[in-house]
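Have a look at the structure below, then the notes.
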Number of protein chains: 2
Amino acid sequence: MEVIDVIPLVSGIIALLCAVGLTIYIRKKPAGTEKMKEISNYIYRGALAFLNEEYKIISVFVVIVAILLFALSRVTDIPWQTSIAFLVGAFFSALAGNIGMRIATTANARAAEASKKGLQKGLTVAFSSGAVMGLSVVGLGILGLSIFYLIYYKEAAAILFGFGFGASSIALFARVGGGIYTKSADVGADLVGKVEAGIPEDDPRNPAVIADNVGDNVGDVAGMGADLFESYVDSIISGMSLGIILSFAYGHIYPLLIAALGIISSIVAMVFVKARNPYTALRNGLFGSAIIFAILAGLVTYWLIKDMNPYYAIIAGLVDGLIIGVSTEYFTSHQRKPARIIAEASQTGPATNILQGMSMGMLSTVIPIVSTAIAMVLAYQFANFYGVALAAIGMLSTLGISLATDCYGPVADNAAGISEMAGLGEEIRKRTEQLDAVGNTTAAMGKGFAIGSAAITALALIFTFVTRVKQYDPNVNIALTNPNLVAGLFIGGMLPFIFSALTLGAVGRTAEKMVNEVRRQFRELGILEGKGKPDYEGCIRIATRGALREMIVPSLLAVVIPVVIGIWDYKGALVGLLAGSTVTGFLLAIFLANAGGAWDNAKKYIEEGHLGGKGSDAHKAAVIGDTVGDPCKDTSGPSLNILIKLMSIVSLVFLPLFASLH
Amino acid sequence: MEVIDVIPLVSGIIALLCAVGLTIYIRKKPAGTEKMKEISNYIYRGALAFLNEEYKIISVFVVIVAILLFALSRVTDIPWQTSIAFLVGAFFSALAGNIGMRIATTANARAAEASKKGLQKGLTVAFSSGAVMGLSVVGLGILGLSIFYLIYYKEAAAILFGFGFGASSIALFARVGGGIYTKSADVGADLVGKVEAGIPEDDPRNPAVIADNVGDNVGDVAGMGADLFESYVDSIISGMSLGIILSFAYGHIYPLLIAALGIISSIVAMVFVKARNPYTALRNGLFGSAIIFAILAGLVTYWLIKDMNPYYAIIAGLVDGLIIGVSTEYFTSHQRKPARIIAEASQTGPATNILQGMSMGMLSTVIPIVSTAIAMVLAYQFANFYGVALAAIGMLSTLGISLATDCYGPVADNAAGISEMAGLGEEIRKRTEQLDAVGNTTAAMGKGFAIGSAAITALALIFTFVTRVKQYDPNVNIALTNPNLVAGLFIGGMLPFIFSALTLGAVGRTAEKMVNEVRRQFRELGILEGKGKPDYEGCIRIATRGALREMIVPSLLAVVIPVVIGIWDYKGALVGLLAGSTVTGFLLAIFLANAGGAWDNAKKYIEEGHLGGKGSDAHKAAVIGDTVGDPCKDTSGPSLNILIKLMSIVSLVFLPLFASLH
């Protein structure tokens, strides 16, 4: 064993130690008044209640799949360790999500309390909490991969598909279930509270307000974290696998090493997160870490393998990620033209608002698609398929800090909610809202980044799949003249539409139950007349049950369809299926996420006082657009990230089964 | 020359003679009162005014392209006759559209007048007018192809790509320009007339009412006709080309012959269009012609080539078309569950209405996609790529009658409008509205059919393209492991999104101008107070100019992008581009068309008195959904049909150019 073999493990341990340190720092901060503690506690308990219920369902699924994998390892070439790796991958992903949720729901009141002393103090607490999540994800991710690597060395890659599959399974349920939870709570709270009863956002009289705040954590912390944990480990696994199969120098360890450098860069850059303006602070952190990483990776590549081509592939991915982030920011920010055009269209009513939002969302696909296509072609020129995997790793290298900025969002959002509910007064509320506004922008950028990284990771996985299929059959026909492949392309292309249809419908159904429950509480408990207290747990129960019930069908589809198609024709139809779903999944995810973000910010733009401001007809139209956009950007869009990666990793895990049947 | 060589020509002449006979029959019918004649005349003149303006722009484009093609024929392998074929194709398509528009705007008042004597009489006139269009399209289509075939025999196929390109060019402008025209007029008329001023649909005081009625013809007659003319000739051309290259028995004439049988079947089946219930009558005609065709084609195939495999491929396409029609009917009819679910979601406001509509539209992609994928795989099993082209021909074989039922729609719609505007009284209005309601259902089915046939025709063209590329380079790498091809797949997949974004935006912008014009007329002319008359031509001018201005950018994109990508890498990236755009174009077109149809019929369902009926909050929400759906189903969705076919035919025409550059 050489020194470079243990560097990844060490970097993972460092990341986790930093996370522990930050946790201790946050816990020491005062949590504010009794009222603040009470509200924060409600959110904390609601979030854990959801996670516990979710884990029950997931564990059934995970145990069944693990047994199935072990059984298959007896009759096919699937290594028996795949089953163990699957369990570990699922456990590590769940653990990261759990840590993130706990710290986020611990930090919210503390961030609000710290804001009393100034914007900067509030930012530090909220960002520290995001950093705990970011570092836990990359730390646990690289730790898990390193352990298998150190035990099985070059054999690890094949086993690790199981690890990726485990991570994907958790991500699937977290994104789909979490997405349904967060938006049914949000839509329910808004439709009855804001629209019908006319009480403000985050009013403690709204029975769905706690569920709504829980939802922010469930969706944007646990969901986002599991999504990116999956992309992170999948890209590294496909890099290791392709590096070995295609015999690149140090191909087995280079991807892990690059990821380790990314962790170090993220930690160093976290120091940068100090600036007067919170947005500048976060942006400096993101770009700073990218620059540090680019320098470190260049030096290490030169020192280790002399050939700089793999490094160029990594940079192609890194730059692609930054371009996608900037494009997303442009298309969703309330300070840019697209959101303003939508806001102006609101003046002629909700229909024109919706149409302009759809139009802008569709238009916003250009830059990410073209940029990713170019990055892929370049990465391939530099280092074949291995280069594509390296591009994915490059894009995700600074995940530690970029996830920190994402997970900062819901903490700031909750802090603003707590300020409102606990009555901290105008000034503190304004400060926390300022933190929240920055969080909205970083959240939108984070979503674009999550989609882009999912797409390029899925591409890397597809190329890994094809490369491995060729090991079974060197003459495999994956030309576009193979009709089964074209049929797969069409059916694969359709799946993101079906998946989105199901998740949009699920939000609609659960939100309807929430609406009825909130209406019932208002009617029966006399909350608005000040006679009774709202029953927060009733609403939490509805969101939890609805989310868990509704997540099952789409989740099973995502696992079962590639297996069925693979059993039919894994050499043609399945390859087409994976490519088709990645193309439309990528497009639809960007469309849904950016349209949703732009609708949201068009409303915010009007609320700032433009075009008639709050209460005007234009504002009412914009609120409708925002309500349409909510499940698009927070449920259906993000769920597609998982769909495209999961189907590829499922195909990789079950490939020996398919081969044994033909 | 054998007898079978002239059968197609003869069938084309018969179709045109029938069209002439029906025209004489319609012209002899009384056009009703002076008021009715006046209104019909307004619509007639408005429609021709638009066509004339449109032709001016198109002829510039057509002449430039023809000169370019001729010039290229001097320096590449492009046959010089391609340029002539291009001009003839464009002229025939425009001629068919012109005939259809003239007869539809002649028949509308006559159908209203005939309705006075009974529903059946009204149906006969309206359907006869649709039949004139249907027969003109298939007659001119097969006539044009036959003439080239009789002159150049087996050499004709390569030349005829030019004919297809000419047809595509007209279709492009007709669909995009017509789609923008019809929906900006419709949205403008509704937003100010119905919503703001509270006057009913088709009220003669609404200045945009004539533009709205013109729009129905521009979009659903000229646009739909040109779209299907293109699919029709493209599928036959690709069949002839593949039949020759792949050396199938009678491969050069069999596709034309099959098309001729379809024409005969359509004419025979038109006799069936007699039943008490208009919907049953039209459905009997459609299914009747399919059965007759299936029998005739089976007999002729057995007699001519003994081998029944090509026939099975044809039947696969025919059945696929019927399945798509039935699926579309289910997902859009106001008597079915999807539209009702959307109607119910309207009770919780416009946002839930929009979300359910999007969800249903996405879900509605399953049957058409899976059915077409299966039809393609089967057709390939039966007769290789030639089978795929035959499947497209099979689906389009009975176009004569299916287009008749489509083009019946706008005539019935106009008849209802004229009854209202000319004050024909309650009973006649109800009758014409009954005719119109059936027209809405057949129009929705027609849209589904147009999309499905465009997709399978595009597939046939792609396979033709690949087959011809292989003639230049037998070792071409069109595997999914070619990164340029994958990049093409992504960029191609993106184009339908961009195209839809541009057309949706165009409707928004033009509708806004229309809204302002109608508001201005109401304000300045004192129309509502009965002091002044509306200036219909002002609104027609705005719709015409807006449509023509806005159609240019998306149209040029559709032509220029495949040429640019082809010059870069026609063997890899261009193949990917065509496949990617066909997959997402097919999906997005179904999504947009069916969501739009379902929103429309959810509104109609409420207007029938359900869930509170007209004027209720649910109705208001449903009207918003309908307004969102209008440009989706009548502008953006149908335009995608053209995009996917056009890019393939452009690639075929310019292939010799690409090859000469590499």
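Values quoted throughout were computed directly from the atomic coordinates according to the rules given, and no laboratory measurement underlies them. Just so you know, these numbers come straight off a predicted model, no measurement behind them. Backbone-built Cβ (ideal geometry, glycine too); neighbour counts: all protein chains shown.
Add +1 for every Lys or Arg and -1 for every Asp or Glu among the other residues with Cβ under 10 Å from the Cβ of B:F658, and state the total.
So the environment of B:F658 carries a net charge of 0.
What percent does the relative contact order of chain B come to when contacts are Cα pairs within less than 8 Å and at least six residues apart?
Value for chain B: 21 percent.
Can you pull out the trypsin sites (Lys or Arg not before Pro) in the range B:270-367 whose DSSP state is coil and whose Cβ has at most 13 other Cβ atoms within 10 Å?
Details: sites: B:K274, B:R276, B:R283, B:K306, B:R336, B:R340; in loops: B:K274, B:R276, B:K306, B:R336.
Those satisfying the criteria are B:R276, B:K306.
Which of A:L424, A:V438, A:V469 sits closest to the plus end of the dipole of the range A:417-524, meaning its Cα is farthest towards the positive end, when Lys and Arg get +1 and Asp and Glu get -1 on the C-beta?
A:V469
Could you tell me which residue out of A:A389, B:Y153, A:I253 lies farthest along the dipole of the protein assembly as shown toward its positive end? Charges go on the beta carbon: Lys and Arg +1, Asp and Glu -1, centred on the Cα centre.
Farthest towards the positive end: A:A389.
Please label the shape of the range B:538-593 as rounded, prolate or oblate, based on the square roots a ≥ b ≥ c of the eigenvalues of the alpha-carbon gyration tensor (a/c under 1.5 means rounded; beyond that, a/b larger than b/c means prolate, else oblate). Show your work: numbers first, answer last.
Working: a/c = 7.62, a/b = 1.76, b/c = 4.32.
It comes out oblate by the Cα gyration axes.
Dipole magnitude of the range A:3-661 about its Cα centre, charges +1 at Lys/Arg Cβ and -1 at Asp/Glu Cβ only, in debye to the nearest 20? Working shown, then result.
Values: 48 positive and 47 negative charges, 144 e Å.
With only Lys, Arg, Asp and Glu charged at Cβ, the dipole is about 700 debye.
Could you give the angle, 0 to 90 degrees to the nearest 10, between helix B:81-115's Cα long axis and the longest principal axis of the Cα atoms of chain B?
30
So how do B:C632, A:C407, B:C539 line up by other beta-carbon neighbours within 10 Å, fewest first?
B:C539, B:C632, A:C407
In nm, one decimal, shortest first: how far is the label point of A:A249 (7 Å from Cα along Cα to beta carbon) from the matching points in the other copies?
Copy-to-copy label distances at A:A249, shortest first: 6.3 nm.
Counting only helical runs of four or more DSSP H residues, what would the 222 nm mean residue ellipticity of chain B come to if each run contributes -39,500 (n - 2.57) and the total is spread over all its residues?
Numbers: 20 runs with 546 residues, N = 662.
Result for chain B, helices only: -29500 deg cm²/dmol.
For A:R110, B:R519, what's the fewest-to-most ordering of other Cβ within 10 Å of each Cβ? Before the final figure, lay out the partial values.
Details: A:R110 26, B:R519 16.
In increasing order of surrounding Cβ atoms, one gets B:R519, A:R110.
What are the label-to-label distances in nm, one decimal and shortest first, from A:I4 to the same spot in the other copies, with labels 7 Å along Cα to Cβ?
Its label point is 6.9 nm from the equivalent points in the other copies.
Could you tell me the distance between the Cα centroids of the range A:190-209 and the range A:134-160, to the nearest Å?
If we compute the Cα centre of each part, the gap is 46 Å.
Okay, which of the range A:95-126 sit inside 16 Å, backbone N to the point 7 Å along the Cα-Cβ direction of A:R276?
A:119-121
Mind pulling the angle between the C-alpha long axis of helix A:617-631 and the longest principal axis of chain A? Nearest 10 degrees, somewhere in 0 to 90.
Between the helix axis and the principal axis of chain A, the angle is about 40 degrees.
So how far, in whole Å, is the C-alpha centre of the range A:552-600 from the one of the range B:223-237?
32
Could you give the angle, 0 to 90 degrees to the nearest 10, between helix B:309-332's Cα long axis and the longest principal axis of the Cα atoms of chain B?
The two axes meet at around 20 degrees.
Assign unit charges at the C-beta atoms only (+1 for Lys and Arg, -1 for Asp and Glu), then state the dipole size of the protein assembly as shown relative to its Cα centre in Debye, rounded to the nearest 20. Could the numbers behind the result be given before it?
Numbers: 96 positive and 96 negative charges, 79 e Å.
Rounded to the nearest 20 debye, it is 380 debye.
Counting Lys and Arg as +1 and Asp and Glu as -1, what is the net charge of the other residues whose Cβ lies under 14 Å from the Cβ of B:K37? Don't skip to the end; give the middle numbers.
Working: positive: B:R27, B:K29, B:K35, B:R45, B:R110; negative: B:E34, B:E38, B:E113.
Surrounding charge for B:K37 is +2.
Between the label point of A:T33 and that of the same position in each other copy, find the distances and list them shortest first in nm, with every label point placed 7 Å from Cα along the Cα-to-C-beta direction.
7.3
Give, as a single signed number, the net charge of other residues whose beta carbon lies under 15 Å from the beta carbon of A:A259, with Lys and Arg counted +1 and Asp and Glu -1. Don't jump to the answer; show the numbers that get you there.
Details: positive: none; negative: A:D5, A:E230, A:D234.
Local charge sum for A:A259: -3.
Of B:S402, B:S651, B:V559, which is farthest towards the positive pole of chain B's charge dipole, taken about the Cα centre with +1 and -1 on the beta-carbons of Lys, Arg and Asp, Glu respectively?
B:S402
If we count other beta carbons within 10 Å of each Cβ, what is the order of A:I253, B:I624, fewest first?
A:I253, B:I624
Taking Cα centroids, how far is the range B:62-122 from the range B:414-447 in Å?
Computed from Cα coordinates, the inter-centre distance equals 27 Å.
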